[in-house]
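Below is one structure, written out as structure tokens; the observations come after it.
The values are calculated or read from the model by the stated rules, or taken from the named source; none is laboratory data. Treat the numbers as computed from the prediction; the structure is a model and nothing was measured. Cβ placement follows ideal geometry from the backbone for every residue including glycine, while neighbour counts extend to all protein chains displayed. Please note that ligands, DNA and RNA were not included when accessible areas were found on the heavy atoms of the full protein model with its side chains. Shrake-Rupley method; radii C 1.70, N 1.55, O 1.52, S 1.80 Å.
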Amino acid sequence: MMFEHVLFLSVYLFSIGLYGLITSRNMVRALMCLELIFNSVNINLVIFSDMFDNRQLKGEIFSIFVIAIAAAEAAIGLAIISSIYRNRKSTSINQSNLLNN
């Protein structure tokens, strides 16, 4: 019974992140929406590992590793966006096409 509630929460978070990623025009918001999508996938990893095998911790350890990697990716992305904002004074996706300059 609890698994269905957590899976529903994960689908809800994934949907919010995907909608935000599609409609966002701000790089910081797009990065946070991508992080929300990664975290919803991590919730699924934890739930499915608990559903299929209660005695082994492989899924939990793997999902904690993925969460740590996702947090590092977010930190690197925020650092890149902060440096772009310092140079261009904007985080709009339309104004930051670096390949055309």
**Message:** Quick check on I76: is it under 19 Å from A30 (Cα atoms), open to solvent by less than 90 Å² (accessible area, probe 1.4 Å) and at pLDDT 70 or above?
**Reply:** no
**Item:** Evaluation of G20 against (1) modelled with pLDDT of 80 or more; (2) under 23 Å from E4 (Cα atoms) (one fails), failing number
**Value:** (2)
**Request:** Consider N97 carefully, then state whether it is at pLDDT below 80, open to solvent by less than 90 Å² (accessible area, probe 1.4 Å), polar (S, T, N, Q) and not in a helix (DSSP H, G or I).
**Result:** yes
**Prompt:** Which one is nearest to I80 (Cα to Cα) among residues in segment 13-41 that are surrounded by fewer than 16 Cβ atoms within 10 Å (Cβ to Cβ) and without any contact (Cβ under 8 Å) to a residue 24 or more places away in the chain?
**Reply:** R29
**Item:** Top-ranked residue of segment 79-90 - restricted to ones that are among the aliphatic types (A, V, I, L, M) and without any contact (Cβ under 8 Å) to a residue 24 or more places away in the chain, ranked as most open to solvent (accessible area, probe 1.4 Å)
**Value:** I80
**Prompt:** Within segment 1-12, how many residues turn out to be over 19 Å from A74 (Cβ atoms) and either surrounded by 16 or more Cβ atoms within 10 Å (Cβ to Cβ) or modelled with pLDDT of 80 or more (or both)?
**Reply:** 8
